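Data first, discussion second: the structure below is written as structure tokens.
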Amino acid sequence: MEILKIKKSWKFYGVTMINKILLISLSLFVNVCVANEYWTTINTDSNKLRCADGTSYNFHYKKGNENLLIFFNGGGACWDFDSCNSIDKDKYQLNTYEENSNLPYNQPNYWGGLLDFKNNNNNIKDWSVLNLPYCTGDLFLGNKNTIYKKNNKEIQIFHHGKNNLNYALEWLKSNDSRHFQKKLIVGSSAGGYGAILNSNYVNKVIPSNQTYVFFDASDGVVSKTFEDKVFSRNSVWGYKPTSTKRNDYIINRYNQIISSNPHIKYGSFTTSSDIMQILFFNIMNNSPNNWLNISNESIKDWQYKSSENQKFLLNNRNYFTYIQDDCIHSGLRYNDSFYNSDKISFNIWFQDFLNDNNYSKGSEYLFRKTFFTEEERNKCIFRAVNSVKRG
């Protein structure tokens, strides 16, 4: 059995690469300041509106035309003592979540792709944008302070993701009362889960003539242990499940949302072997000592479950997907994958998606057992890690 052992020796800006791994990423405000020529930063201060580490939550708004983009940033997750304590880099090989909204990759001008608002090839560059940093480890679903314990040690995490989101939406409603023409609810990685799982609520608070929901690198492949901890009535995040059935809760909830809103168009981006989604799936199924040891069996398992999920969702006539035969993670936030991928670039496909020219691309990669070399997979990891700067 081949085991992929992720290299720990690469360095980037003097920081060991593996210690930077993962990923990317709302609250009451006490003051508003202009961050730059485009953005207003809303600083918050409330005991119910925090990041995982207890610091205040900040979000950003750019007032543009009558169309609105609501972007949920990504940044991993934590659900037990080890995952939530993983920011202690002296004890863990990687951190599974990010804990502060002021970190660089939570800033609105950080990303490329769809979020490069100075790129003339970006058809939404003039839209109004609500940028939601992610710093709570709970997929924007949490409403709870949780103390995780193990071996007489404990760590407190402020899972306030849903609280932060609720406040940001109410702030927008109060400070820009326009009725928007098009509204795009979109998220990447952990933020993709937040985007679709909160989309019904977003639609109630912020109305628009047309609504589009898009999740990037958020395939819904998770372990049963993870779902039991997060989507039970005793959720460690304080999440209130819509169903008592927890097996495959996420993908069934996806399908429930999509099928019950036929007037809304839903879409996704994924790759045939998304190495970061595979890594997280491996983390959910293993102890910290084996988090980085990804077997071919784990890869096959993720590929099969991802394909099954896509096949399931494609039964809905209002759902469309763009699948790329690659191992990269997240296509929406990077110029290389958004503007330069395949014969029909992701950017062109996305323009068609927003203009109601509906089709899926890449369905031939479903259930294809594509395997990339260790060198190729490490490049995909490096691409993701290279983009996550903490200072």
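Odds and ends about this structure:
- Residue check for Tyr254: farther than 29 Å from Glu374 by Cα, outside any loop (DSSP other than H, G, I, E, B) and under 21 Å from the mean Cα position of the chain (by Cα): yes
- Qualifying residue in the range 326-348 (condition: among the aromatic types (Phe, Trp, Tyr), in contact with a strand residue (DSSP E or B) (Cβ under 9 Å, 6 or more places away or on another chain), part of a helix (DSSP H, G or I) and open to solvent by 40 Å² or more (accessible area, probe 1.4 Å)): no
- Scope the range 294-325; condition open to solvent by 40 Å² or more (accessible area, probe 1.4 Å) and either of a type in the set (Val, Ile, Thr) or outside any helix (DSSP H, G or I) (or both); matching residues: Leu314, Asn315, Arg317, Asp325
- Candidates in the range 147-170 are the residues that are open to solvent by less than 20 Å² (accessible area, probe 1.4 Å) and out of contact with any Asp or Glu (no Cβ under 9 Å at 6 or more places or on another chain); of these, the one that is nearest to Tyr57 (Cα to Cα) is Asn164.
- Number of the condition not met by Thr41 [criteria: (1) open to solvent by 10 Å² or more (accessible area, probe 1.4 Å); (2) outside any strand (DSSP E or B); (3) polar (S, T, N, Q); (4) at pLDDT 95 or above]: (2)
- Restricting the range 215-245 to residues that are in a loop (DSSP other than H, G, I, E, B) and among the basic types (Lys, Arg), the residue that is nearest to Phe281 (Cα to Cα): Lys245
- Just one of the listed residues (Ile24, Ile18, Ile70) is at pLDDT below 50, outside any loop (DSSP other than H, G, I, E, B) and among the β-branched types (Val, Ile, Thr), and it is Ile18.
- Within the range 198-224, if we keep just the residues that are over 11 Å from the mean Cα position of the chain (by Cα) and aliphatic (A, V, I, L, M), the residue that is nearest to Ser307 (Cα to Cα) turns out to be Val221.
- If the condition is being closer than 17 Å to Arg50 by Cβ and surrounded by fewer than 21 Cβ atoms within 10 Å (Cβ to Cβ), then the range 171-194 contributes only Trp171.
The values are calculated or read from the model by the stated rules, or taken from the named source; none is laboratory data. This structure is a prediction, so every number in the text was calculated from the model and none was measured. Positions of Cβ are backbone-derived with ideal geometry, glycine not excepted, and every protein chain shown enters the neighbour counts. Heads up: the accessible areas ignore ligands, DNA and RNA and are worked out on the full protein's heavy atoms, side chains in. Shrake-Rupley method; radii C 1.70, N 1.55, O 1.52, S 1.80 Å.
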